[in-house]
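Novice: Have a look at the structure that comes next, please.
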Amino acid sequence: MSLDDKINHWIRPEIRELSAYHVPDPGELIKLDAMENPYRWPDAMLESWQRQVREIAVNRYPDPAASSLTAALRRSMDIPAGMGVMLGNGSDEIIQILALAFGGPKRVVLAPEPSFVMYRMIATFSSLEYHGVPLKPDFSLDLAAMLQAIEQHDPAVVYLAYPNNPTGNLFDEEAIVKILEAANGVVVVDEAYHAFAGKSFMPRLGEFDNLLVMRTLSKLGLAGLRLGLIAGPAEWIGEFDKLRLPYNINVMTQAAAEFALDNIEVFDEQTRLIREERTRLFDEMGRLEGIELFPSAANFILFSVPSGRAGEIFESIKADGVLIKNMKASEGPLADTLRVTVGAAEENSAFLAALGKALGS
């Protein structure tokens, strides 16, 4: 049997049909493609952290429960008392753990589309059925379609990104409540961009026995640490925790994240600057002819360009030293759209100049 025959025999067909998740190398480009915080830690904070690093025992396994960090996250994120919390190596690991927990014949994962690609990808990895429900043309939830899909498919998990990625908008709160009331399975409100949104379902944990809230510290300014969490009724979290691999949060991540939370005012100020720049970027992009902007409560802005020109405009902006995200859709709701992360002021100004040039403005 040839190597190709062995692969075809042993690797599941749905995996062979997938493409690996591609992350472009930015090289020396201004990086505005991945919704990262553009600001580094202040020098005084870095020096303090470097002193603390000397005390970390990297020869020992980390605290398997990350107890001290979990307590700090409970305080920082105002997680209601009595709720369970589980940490993951980014939110991706948490989504994967949920897929393992709910997996089984004819089990369904449901989410509106377009949304975070990992909902679909991890469901596919885990042999779960995935059903996407199209958003309305303005990217709001089609509540009637969502409720019909819930009734038809009885999903084990419904994911709602709040704000949504890649569209940036917040779904209607009452529509989410109706979905919570209709679903027999869990509803995961994914608040990866909560720091920029001003709204959250975290205070409502416990009000619904199927509500879970998922967050990550990546967008706050700690993307390099890969730390996510899910909070909700302790009974659910206890079941998920059985599937969490031992020592999944390493000693450096635990120490760095707790140190960062002790200096949360630094990140709060960075978040404020990003929100200010989001407003400026949106206003200045709005003065350019030929593009349509979509309102954002996140740290990025989705916009559409003249039909058939997305690739050309993306490459022109890249040639001028700025990397953004080409959604690469020729049809559907993301047709001819690009997405830019809100960076520091000088990065945003460079992008605006490159975009204006690409549009011929």
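Novice: Exposed loop sites here are chymotrypsin sites (Phe, Trp or Tyr not before Pro) in DSSP loop states with at most 14 other C-beta atoms within 10 Å. What is the longest stretch of the chain lacking them? Don't skip to the end; give the middle numbers.
Specialist: Numbers: sites that count: Tyr21, Tyr247.
Free of exposed loop sites, the longest segment is 22-246.
Novice: Of Lys357, Lys318, Lys106, which has the most accessible area and how do the rest follow, probe 1.4 Å? Write down the numbers at each step before the final one.
Specialist: Details: Lys357 135, Lys318 80, Lys106 170 Å².
My answer, sorted largest first, is Lys106, Lys357, Lys318.
Novice: Mind jotting down the distance between the C-alpha centroids of segment 217-253 and segment 304-333, whole Å?
Specialist: Here the two parts' Cα centres lie 34 Å apart.
Novice: Quick one, could you list the DSSP H helices from the chain stretching 24 Å or more along their long axis (Cα atoms) with average Kyte-Doolittle hydropathy of -1.0 or above? Mind dumping the intermediate values first?
Specialist: Details: long enough: 264-285 (31 Å, -0.87).
Span-like helices in the chain: 264-285.
Novice: Next question. Where the only charges are on Cβ atoms (+1 Lys, Arg; -1 Asp, Glu), what is the dipole of the chain about its Cα centre, to the nearest 20 debye? Working shown, then result.
Specialist: Working: 33 positive and 50 negative charges, 116 e Å.
In total the dipole reaches around 560 debye.
Novice: Which residue, chosen from Leu225, Val187, Ile7, occupies the Cα position most advanced towards the positive end of the dipole of the chain, where the dipole is computed from +1 (Lys, Arg) and -1 (Asp, Glu) charges on Cβ about the Cα centre?
Specialist: Of the candidates, Ile7 comes out farthest on the positive side.
Novice: Right, here's the next one. Report the accessible area of Arg12, computed with a 1.4 Å probe over the heavy atoms of all protein chains in place, in Å² rounded to the nearest 10.
Specialist: Around 90 Å² of this residue is reachable by solvent.
Novice: Using only protein heavy atoms and a 1.4 Å probe, report how much of Ser115 is accessible, in Å² to the nearest 10.
Specialist: Roll a 1.4 Å probe over it and Ser115 shows about 20 Å².
Novice: On to the next question. Using +1 at the C-beta of Lys and Arg and -1 at the C-beta of Asp and Glu, which of Val109, Gly290, Ala66 has the Cα lying farthest in the positive direction of the dipole of the chain?
Specialist: Of the candidates, Ala66 comes out farthest on the positive side.
Novice: Which number comes out as Rg/Rh for the chain once both Rg and the Kirkwood Rh are worked out on C-alpha atoms? List each step's numbers first, then the result.
Specialist: Numbers: Rg = 21.2 Å, Rh = 21.8 Å.
On the Cα set of the chain, Rg over Rh gives 0.97.
Novice: Quick one: accessible surface of His22, probe radius 1.4 Å, all protein chains present, in square angstrom to the nearest 10.
Specialist: Surface open to solvent at His22 totals about 140 Å².
Novice: With a cap of 15 neighbouring Cβ atoms within 10 Å, and only residues DSSP puts in a loop, list the trypsin sites (Lys or Arg not before Pro) found in segment 130-224.
Specialist: On the way: sites: Lys178, Lys199, Arg204, Arg215, Lys219; in loops: Lys199.
The qualifying sites are Lys199.
Novice: On to the next question. Projected onto the charge dipole of the chain (+1 at Lys/Arg Cβ, -1 at Asp/Glu Cβ, origin at the Cα centre), which of Ile317, Leu355, Pro246 gives the Cα projection farthest towards the positive end?
Specialist: Comparing the listed Cα positions along the dipole, Pro246 ranks first.
Novice: Related question: Would you work out the charge dipole size for segment 62-262 about its Cα centre, treating the Cβ of every Lys and Arg as +1 and the Cβ of every Asp and Glu as -1, and quote it to the nearest 20 debye? Don't skip to the end; give the middle numbers.
Specialist: Working: 14 positive and 23 negative charges, 83 e Å.
So the magnitude is around 400 debye.
Novice: Is there a quick way to get the dipole size of segment 242-361? I mean about its Cα centre, with the Cβ of Lys and Arg at +1 and of Asp and Glu at -1; what is the value in debye to the nearest 20?
Specialist: Details: 13 positive and 18 negative charges, 96 e Å.
It works out to roughly 460 debye.
Novice: Pull up the cross-link candidates among the lysines for Lys219, meaning alpha carbon to alpha carbon under 22 Å and not fewer than 8 places away within one chain.
Specialist: The qualifying lysines are Lys31, Lys199, Lys325.
The values are calculated or read from the model by the stated rules, or taken from the named source; none is laboratory data. Owing to the predicted nature of the structure, the values given are computational and were not obtained by experimental measurement. Using ideal geometry, Cβ is built from the backbone for each residue, glycine included, and neighbour counts are taken over all protein chains shown. Keep in mind that these areas ignore ligands, DNA and RNA; they rest on the heavy atoms of the full protein, side chains included. Shrake-Rupley method; radii C 1.70, N 1.55, O 1.52, S 1.80 Å.
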